1. Of the residues 80, 108, 371, which exhibits the maximal mean-square fluctuation in a Gaussian network model of the chain defined by a 10 Å Cα contact cut-off?
2. For n ≥ 4 DSSP H runs only, could you compute -39500 (n - 2.57) per run for the chain, divide by its residues and tell me the 222 nm figure to the nearest 500?
3. With only alpha-carbon atoms counted, please give the Rg and Dmax of region 245-371, in Å.
4. Using the Karplus curve 6.51 cos²θ - 1.76 cosθ + 1.60 with θ = phi - 60°, work out ³J(HN,Hα) for each residue of region 50-64 in order, rounded to whole Hz, and write x for Gly and Pro.
5. Roughly what % antiparallel, to the nearest 5, for the DSSP beta bridges in the chain?
6. How much length is gained if the chain between residue 261 and residue 39 is pulled fully straight, taking 0.36 nm per residue apart and subtracting their Cα-Cα distance, in nm to one decimal?
7. ³J(HN,Hα) across region 173-188 via Karplus (A = 6.51, B = -1.76, C = 1.60, θ = phi - 60°), whole Hz, x for Gly/Pro?
8. At 7 Å along Cα-to-Cβ for each site, give me the label-to-label distance between residue 29 and residue 166 in nm.
Amino acid sequence: MSSVDSREERKSPDIEKLLEDFRRWEEEKLEEKLEGLKKKMRSSDREAKRRALARWQNVAKPLGSLGVLEEDIVRIAGMQGTEKIDINKRVLLVFCADNGVVEEGVTQTGQEVTAAVASCITRGMSCSCLMAEKAGADVFPVDVGIAGDLGESGMFHPLTDRKIRKGTANFTKEPAMTRREALAAVLTGMDLVRVLSGLGYRILAVGEMGIGNTTTSSALASVLLGKDPLTVTGRGAGLGADGLSRKVDAIRRGLKLHHPSCDDGVGLLASVGGLDLAAMAGVFLGGAVYGLPVVIDGVICAAAAAAACAIDKRAGDFMLASHVSKEPAAVLLLEHLKLHPAVSAGLCLGEGTGALTIFPLLDMAAAVYGQMCTFTEMEIGAYHPFDDGGKEKMQ
């Protein structure tokens, strides 16, 4: 297959007409919609997980020798409700939005970068697009709050327009958005899962593009983890010491102004979050509604995942951790979610690039899981699990 043929196969369909548009709905109607979808949320299938684990224990190799990848295959079985997992059709959703808190000098670059990178994604030329081709994933960029003009927009990965507003407000002065806007973003994320599930996608990854969103994600992490902002805030895309100090100060002022609570995930997103974070939280919730695994990218996505669990903890059953970034909150958030990352490579690019790295690894693990001979077939003795005291467990 030529590289041109490969790129043609990776073109993403235009899904905008298949989506519900929540942008003009009243707040009460949005709340009712969210509550209705939450009633449809499911839990992981324990029996499917048990059968998947039994399969791993019969594969002719040392027990647990593929580490986290074995755990992920078992988790996927529980999410899909069958030990015969299917991860062949996969997709990356990249949510693009701007953040008003950049007024506080918390970033190295301006908001124009968000629009520029979003345009690059539509033409299939961003880092995430190039990596997605290698990982066999389609890419769907979604505008939920880009502030500037996108300029030239390509059709290789058509932009889905669900712009709720042109960037959030500066949360050091007022709430980032209204509750109605946060709900619209969450429901947009959930509805994307519905549409993509209907198109046959079996596993999703999420990413983001939004200058200033390491600040919003650190604000969420501070509340959700109960940690001081200094503990969970990093340098993002290369801030110096002075910039980091301004970033921590902005978060502290925002939290002091709004007093957000981890008991109200939507309210937390509205007060100090971002439209990209709210939409990603919706995708994590949608995974639990439609039974699809959702792969977390880095610290920003992990903060959105934690916010989703604050809305409904069942969302956690449908999450996979791809990697752990070098941002301070990364490890803490994954521990909070009780997830184990497959990759530790110091990645911090964003756009869902880290989430894409897990797809080839999962393909390799799935090949061993589905095709490797069993101990019985090879006519050799099986390995036996041991308890922590070194004693062989009874089979």
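FYI, it's all coordinate maths here, none of it is from the lab. It should be emphasised that the depicted structure is a prediction, and the values quoted were computed from it without experimental measurement. Backbone-built Cβ (ideal geometry, glycine too); neighbour counts: all protein chains shown.
1. Largest GNM mean-square fluctuation: 371.
2. Numbers: 17 runs with 188 residues, N = 395.
Taken over the chain, the calculation gives -14500 deg cm²/dmol.
3. 15.5, 57
4. Going residue by residue, I get 4, 5, 5, 5, 4, 4, 4, 5, 9, 5, 6, 7, x, 4, x Hz, with x marking Gly and Pro.
5. Details: 2 of 25 bridges.
Here the antiparallel bridges make up roughly 10 percent for the chain.
6. Numbers: separation 222, 0.36 × 222 = 79.92 nm, distance 2.30 nm.
Difference between extended and current length: 77.6 nm.
7. In residue order, the calculated couplings are 10, 7, x, 4, 7, 7, 4, 4, 5, 5, 5, 4, 5, 4, 5, 4 Hz.
8. Placing both labels 7 Å beyond Cα along the Cβ direction yields 2.6 nm.
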